[in-house]
Amino acid sequence: MLATRASTSWRRRLVAGQTRCIAIVGPFQSGKTALLEAILHRTGAIDRAGRAASGNRVGDTSAEAKAHGMSVEPNVASATFLGDTFTFIDCPGSVEFAQDMRAVLPVCDAAVVVCEADERKRPALELILRELEAAGIPRLLFINKADAAPGSLRDALALLQPASGVPLLLRQIPLWQGEAAVGFIDLALERAFIYREQAPSEVVALPEGELPREKAERFTMLERLADHDDALMEDLISEVEPARDRVFGDLARELREGQVVSVLFGSAEHGNGVTRLLKALRHEAPGLPETCARLGLTEGGPALAQVVKTLHTGFGGKLSIARVLRGGFREGETVTGSGGSSVRIAALSALSGATGHRVPEAREGDVVGFAKLEPIATGETLAAGTEAPAALAALERHEPVFAVGLRIRDRKDDVRLAGALAKVVEEDPALALEQHADLGEMRLTGQGEMHLRVAVERLASRFGIGVETERARIGYRETVRIRASARGRHKKQTGGHGQFADVALDVRPLGRGEGFRFEDEVVGGAVPRQFIGSVEAGARAFMARGPLGFPVVDVAVTLKDGASHAVDSSDAAFQAATRLALDEALPKAGPVLLEPVLAVTIAVPSGATAKATGLVTARRGQILGFDARPGWSGWDQVEALIPESEMADLIVELRSVTAGVGTFTTRFDHMAELSGRPADAVLANQPVRRAG
């Protein structure tokens with residue numbers, strides 16, 4: 001009965017024109033954008049497929065993408081294939097730009113995962129497949145560059161299977177001529193195809209010598225499908241050839257329900273395997289109704305759309321890219337975001353890479369650009385009217401792992417900098433801007449060195465503002481080791497009322513993390529009560545910068561004695577006397593530098609654990625232990641304490657030894673004494689306090 005329903009559903013999909021949204025994802029440099037070009041060319045959306053070297057692709061047209069030869073933001077383009085409309089969203093493959101993929105995935109009906117049969121890239125593939133599995137996105141695997149890959153495709157499948165939480169289902173086997181694949185056998189259709197350069201493959205008779213291999217691989221495919229179809233299992237046991245409709249029905253159902261990941265192969269560069277991929281998407285990928293059900297969206301009610309990306313264009317202002325999930329929108333209508341803000345749609349645009357054209361309306365299933373929705377952010381849900389809808393998909397932001405300080409090049413741009421940075425951060429929610437007043441620093445944080453480099457380049461290319469970057473400053477502190485005492489006397493006669501105050505102070509260390517404490521032990525009214533607060537205020541102000549040049553912490557200051565004058569004593573005089581006393585006492589109390597130490601949790605594939613621990617110890621870090629990463633087979637988790645000053649390039653080296661997939665989280669743990677050469681290096685660049 002289950003197979004019959006699946007078969008009926010498959011027939012319905014063949015005859016009903018649909019609008020689908022497909023994400024193209026995969027590890028860095030796997031060929032995703034090349035596949036998008038091949039798809040657009042095959043469907044007639046463009047005259048010829050562009051190439052990265054020529055700079056003529058539909059995707060990756062930004063100055064930053066061209067400069068670095070990689071996708072740094074999603075690319076949107078649409079095509080029509082056999083009556084169905086497809087919108088493809090090509091997502092960046094670098095882990096540093098994964099936030100864009102996370103925003104896009106919830107509204108996609110399915111994903112094409114582009115990968116290579118390369119063991120070194122398997123950890124990166126696993127990260128992407130985990131994201132898809134967590135989001136419940138149906139997916140197909142497209143093994144790119146397989147026409148020249150050494151070894152069998154079955155071996156490649158065994159290599160890639162550990163990256164997937166569900167079984168990989170081989171749908172094709174290659175036809176070889178020497179060491180190159182010249183075509184393939186489709187195991188579901190039981191037909192052979194020969195590749196043609198940048199054209200649909202040609203159907204040929206199944207070579208006689210390939211028949212045994214085809215039968216064996218087809219049976220393996222059917223066995224896997226039969227794990228979820230009892231009727232198909234009975235056919236196999238009874239050696240009854242299953243109906244083709246049943247096979248395709250099971251392929252579609254098990255894809256949609258996440259029970260298998262169909263595996264196709266080809267070459268994006270040569271256009272091989274593209275037509276079969278498109279047919280698989282057309283016949284088997286779910287459509288908008290299934291996506292809405294996954295998001296918990298019911299029929300009826302106001303028109304809804306989900307914002308997946310925000311762009312600030314130099315000519316048209318803010319553009320919010322969104323998929324329409326229910327109903328439709330027209331230019332001039334009022335919409336309200338899930339954050340509660342209402343705004344009028346200034347214009348609607350159909351998108352194709354960096355270009356677009358104005359359209360009068362956005363229909364159900366479309367991915368369009370909404371112009372000038374100023375208060376609406378990426379990840380918000382839009383509803384027609386003035387009532388705020390519930391958010392359909394929460395946009396989680398991963399903790400930053402890299403930071404730089406920013407310094408503007410030209411002071412005349414100072415006023416414009418804050419607004420431009422706000423727009424760059426709005427475009428990419430994985431970025432964050434922090435103001436550290438105690439360090440005198442504006443800091444930009446994100447997911448890696450390249451991530452922040454691209455952000456700085458966008459500031460220059462889109463907003464004409466140049467900034468310099470520097471290593472993020474460290475919040476060093478200082479404290480004292482021993483008790484010390486001093487007396488401060490401030491006396492000044494300027495004609496008329498003079499200034500007079502005298503205080504005797506005691507300084508002693510407190511426990512780590514106790515901060516600052518002021519104590520009053522004056523007896524006999526040596527310091528009048530109205531000036532006790534002045535002494536405390538003077539002491540607190542002095543602690544902002546101690547004898548080593550840093551804020552002083554974990555210190556108690558005790559007022560022991562003093563003297564005053566009935567006319568000349570004042571608040572200012574007692575604060576000045578306090579500063580004089582502390583200027584003498586703190587250097588005698590054994591000042592010592594403190595550095596912040598972070599608790600760091602590092603996640604790496606198990607094969608890189610030894611290298612990761614080596615990186616920790618090379619940074620004056622302390623290994624607390626390591627264990628298997630919960631829920632991640634083949635991964636470890638290392639717990640360590642590392643000084644913050646040693647964290648600057650940790651993510652760069654960690655990714656270098658883990659094929660780009662290692663990561664970490666941090667939290668402040670404690671302040672620790674810093675001495676020896678590291679302390680000398682810090683103090684050499686820090687102006688010390690001068691007496692007076």
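Computed quantities for the displayed model
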quantity	calculated
Ellipsoid equivalent to the range 437-572 - semi-axes via the Cα gyration tensor, in Å	45, 20, 10
Relative packing of peptides 266-277, 176-187, 549-560, 86-97 - highest average C-beta neighbours within 10 Å first	86-97, 266-277, 549-560, 176-187
Long-range HN-HN contacts of Glu441 with modeled amide H, under 5 Å	His436
Three semi-axes of the equivalent ellipsoid, the range 21-118, Cα gyration tensor, whole Å, largest first	19, 17, 12
Set of the range 592-611 residues, backbone N closer than 11 Å to the point 7 Å along the Cα-Cβ line of Arg620	593-597
Cβ-placed point charges (K, R +1; D, E -1), dipole of the chain about Cα centre in debye, nearest 20	1800
Area accessible to solvent at Val592, 1.4 Å probe radius, in Å²	10
Label point distance in nm, Leu189-Arg517, each placed 7 Å from Cα along Cα→Cβ	8.1
Heavy-atom accessible area per residue - the chain, 1.4 Å, Å²	42
Sulfur and carbon atoms: percent of accessible area, the range 606-670 [1.4 Å]	52
Farthest positive-ward along the chain dipole, Cα basis, beta-carbon charges - from His451, Cys115, Leu170	His451
Per-pair calculated FRET efficiency, R0 = 30 Å: Thr298 and Ser342 via Cβ, rounded to 0.05	0.85
Cα-based radius of gyration of the range 625-684 once divided by 2.2 N^0.38 Å, which approximates compact folds	1.43
Rg/Rh (Cα only; Kirkwood hydrodynamic radius) as it applies to the range 489-560	1.04
Cut-off under 5 Å, modelled amide H: who pairs with Leu169 long-range	Val261, Ser262, Val263
Stokes-Einstein translational diffusion, the chain - Kirkwood Rh over all Cα pairs, 0.692 mPa s, 37 °C, in µm²/s	112
Rg followed by Dmax, in Å, when the range 297-341 is reduced to its Cα trace	12.1, 38
Equivalent ellipsoid semi-axes - Cα gyration tensor, the range 52-179, angstrom	25, 19, 17
J(HN,Hα) series, the range 343-356, from Karplus relation 6.51 cos²θ - 1.76 cosθ + 1.60, nearest Hz, glycine and proline x	7, 8, 6, 6, 6, 10, 9, 7, 10, 8, x, 7, 10, x
Reachable aspartates and glutamates, given that their alpha-carbon falls under 12 Å from the alpha-carbon of Lys145 and they are not under 8 places away in the same chain	Glu116, Asp118, Glu269
Cα-Cα pairs of the range 123-215 separated by more than 17 Å (percent)	56
Phi to ³J(HN,Hα) by Karplus 6.51 cos²θ - 1.76 cosθ + 1.60 over the range 86-100, Hz, x for Gly, Pro	10, 10, 9, 10, 7, 9, x, x, 5, 4, 6, 10, 5, 4, 4
Given charges at Cβ of Lys, Arg, Asp, Glu: the range 180-230 dipole, positive-most of Phe219, Leu187, Gln198	Gln198
Solvent-accessible area, 1.4 Å probe, carbon plus sulfur percent, for the range 476-594	50
Portion, in percent, of the accessible area of the range 66-127 that falls on carbon or sulfur, probe 1.4 Å	48
Pairs of alpha carbons in the range 535-637 whose separation is greater than 20 Å (percent)	60
Rounded, prolate or oblate (a/c below 1.5 giving rounded, otherwise prolate when a/b exceeds b/c) for the range 64-107 by Cα gyration tensor	oblate
Mean separation of Cα contacts under 8 Å (6+ apart) over length of the chain, as relative contact order %	10
Cα gyration tensor shape of the range 241-368, rounded if a/c is under 1.5, else prolate or oblate by comparing a/b with b/c	oblate
Net dipole in debye of the range 431-541 [+1 Lys, Arg Cβ; -1 Asp, Glu Cβ; about Cα centre; nearest 20]	240
Partner aspartates and glutamates for Lys611 [C-alpha distance under 13 Å; skip if fewer than 8 residues away on the same chain]	Asp636, Glu653
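The values are calculated or read from the model by the stated rules, or taken from the named source; none is laboratory data. Quantities reported herein were computed from a predicted structural model and do not represent experimental measurements. Methodologically, a virtual Cβ is constructed for each residue, glycine included, from the backbone with ideal geometry; neighbour enumeration extends over all protein chains shown. All accessible areas refer to the heavy atoms of the entire protein, side chains included, with ligands and DNA or RNA removed. Shrake-Rupley method; radii C 1.70, N 1.55, O 1.52, S 1.80 Å.
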